[in-house]
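Working notes, structure below.
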Amino acid sequence: MAQFKNFINGEWVDAQSGEEFERRNPATGELIGTFPKSGPADVEAAVAAAREAFKHWRLYPAPKRGEILYRVGQLLKERKEELAREMTEEMGKVLTEARGDVQEGIDMAFYMAGEGRRMWGQTTPSELPNKWNMSVRKPLGVVGLITPWNFPLAIPTWKIMPALIAGNTVVFKPASYTPRMAVRLVEIFEEAGLPAGVLNLVIGTGESVGDAILHHPDVALISFTGSTDTGTHVAVEAARQGKRVSLELGGKNAIIVMDDADIDLAVDGILWSAFGTSGQRCTAASRIIAHRAIQDTLVEKLVARASRMRLGDGLKETTDVGPVVSASQLERIHAYVQIGREEGAELVVGGNIARDGELARGHFHEPTIFNNVKPTMRIAQEEIFGPVTAVIPVDSLDEAIEVANGVQYGLSASIYTRDINKAFRAMQDIDTGILYVNAGTIGAEIHLPFGGTKGTGNGHREAGQAALDVFTEWQSIYVDYSGRLQRAQID
Ligand code: NAD
């Protein structure tokens, strides 16, 4: 049986308590391995190692840090297929999507490696003679990275790569559903030659390990991706301690389909965005805002296609929709189907937990669509995080935009239209961090800012150049070479 460990100060070690937990394949119930059930003592050791390593890592030339990231990118590329298979086994997403998840990690490694030779600051003229002004980026110190399970490789790389290139050292706590992928990623950093203590992995629950990282006085920043409830707790605790905090939280993303849209193109985008990763993406389309003129045609086509989607083990080529991550997640999703029914929404396809044959071994939910949903219903307001979507009819573009904006989240949105004026109105008036025109709500590229407005975040962005703003502090430097006292704003 595979037994996995924490990685602290360059060593693979058990939890100090000696306790372990199991993770099982959500499609088959087979055991993936056992993992350390760590606690505050393990976090203490990891933070101490990271604090010590920071003394050297911050001075390690950034282009050389970049070379290590390039090697990580290369190793990820070489192992893409085996990593993708392991990811599908551990959290269920179908193999093609797991390959995409690894590819995001590869892209982020190469992109951030390049930052080692850029990381631009500014130089400006001075208002005084013989004086030099510039700003440079500085690392924060030890950063705590807390990640969810739905992108078990991509999301950790979105945090680890920018943190390291900027000269921070890391304590990384992955989600308890996907600890093996975290181990694989950290093994690759070790193999690429990252010095001991720079990246530390502590596996365990949020309450025990996550909270200990959050409360540790030597952790300067928490970068957190996960649910809004946990994120709010993180924000409150971080504020009490004056810690920097970056949050990427939930979504309730909408696809608008206008009366002039290419309906078949919209159907492809909706199915991909609503049921890809079994709806367990922060950018999943869980609302379809349909112009009444095309609602019936759209729903008919969606139902026909969704009812043919094949559930199964994501490793099988024939599978369209894999399992959801756990039994409790399955129950939660199914409870929302009941809520939708009770609220009076019209269930047009799916709606059941799938238990036929081999599916009984795992956690499968049928792709589910509700029609004639009112914007105020809970299924149109709350994040479900499963293969369930809600069609909301509207009569105009103005109403569509109002409905799209009428939720507490602001991550991703999309509009299908062939009218450029409508597309630009959507770009201007939809309040989300990500917006697509004639494409679904998912599929962000790593070199643009990623994140959301309103309840989805706290104003920060991941990926692209924006990630550097999270993981660095600006230092403005003034060099006076006049040889006399010069007083800004006075002389
Ligand atoms: P979660 O909030 O349950 O867990 C996220 C992480 O926080 C896990 O590592 C967990 O162990 C840890 N955690 C739990 N309690 C904690 C505590 N008290 N202190 C510190 N850490 C704690 O979320 P999840 O179920 O893993 O992920 C799904 C959620 O993530 C969804 O809401 C989804 O929308 C969101 N998500 C957002 C983005 C984005 O970029 N906006 C991306 C992916 C997922």
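Laboratory data are not the source of any read-out in this text; all were calculated from the coordinates shown. What you see is a predicted model; the values in this text were computed from it and never measured. Positions of Cβ are generated from backbone atoms using ideal geometry, with glycine treated the same way; all protein chains shown enter the neighbour counts.
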**Complete:** Honestly segment 253-437 on the Cα gyration tensor test (a ≥ b ≥ c root eigenvalues; a/c under 1.5 rounded, otherwise a/b vs b/c for prolate or oblate) is just prolate
**Anchor K422: aspartates and glutamates whose Cα lies under 16 Å away (excluding residues fewer than 8 positions away in-chain)** = D259, D260, D262, D395, D398, E399, E402, D431
**Message:** Starting from 0.36 nm per residue, how many nanometres of slack lie between D268 and L128 once their C-alpha separation is accounted for?
**Reply:** 44.3 nm
**Complete:** The local net charge around R65, scoring Lys/Arg +1 and Asp/Glu -1 for residues other than R65 whose Cβ lies under 12 Å from its Cβ, equals +2
**Prompt:** If you find the alpha carbon centre of segment 103-175 and of segment 55-99, how far apart are they in angstrom?
**Reply:** 16
**Complete:** The set of residues whose placed amide H lies less than 5 Å from the amide H of F21, leaving out same-chain residues fewer than 5 positions away, is F35, K37
**Message:** How large is the direction-averaged shadow of the alpha-carbon convex hull of segment 409-451, in nm²?
**Reply:** 3.1
**Asked** Cα axis of helix 40-57 to longest principal axis of the chain: angle in degrees, 0 to 90, nearest 10?
**Response** 50
**Request:** Just tell me which lysines come within less than 27 Å, Cα to Cα, of K5; anything on the same chain fewer than 8 places away is out.
**Result:** K37, K55, K77, K80, K93, K159, K173
**Prompt:** Between L59 and E473, what FRET efficiency comes out of the Förster formula 1/(1 + (r/R0)^6) with R0 = 22 Å and r the beta carbon distance, rounded to 0.05?
**Reply:** 0.85
**Fill in**
By the mean-Cβ-within-10 Å protection proxy, highest first, 198-209, 415-426 rank as 198-209, 415-426
**Asked** Taking the simple approach of a point 7 Å from Cα along Cα-to-Cβ for both D480 and A360, what is their distance in nm?
**Response** 8.2
**Asked** Could you give the nm distance between label points at E52 and Q3, where each point is 7 Å from its Cα heading toward the beta carbon?
**Response** 2.5
**Asked** Contour minus end-to-end for Q241 and L347, with contour as 0.36 nm per residue of separation and end-to-end as the Cα-Cα distance?
**Response** 33.4 nm
**Asked** Assuming R0 = 56 Å, what is the FRET efficiency of N405 and A488, from their Cβ-Cβ distance, to the nearest 0.05?
**Response** 0.80
**Fill in**
Taking a crude spin-label model, label points 7 Å out from Cα along the C-beta direction, the N372 to K138 distance in nm is 6.4
**Request:** Name the shape class, rounded, prolate or oblate, that the alpha-carbon gyration tensor gives for the chain, where a ≥ b ≥ c are the square roots of its eigenvalues, rounded holds for a/c under 1.5, and otherwise prolate holds if a/b is larger than b/c and oblate otherwise.
**Result:** oblate
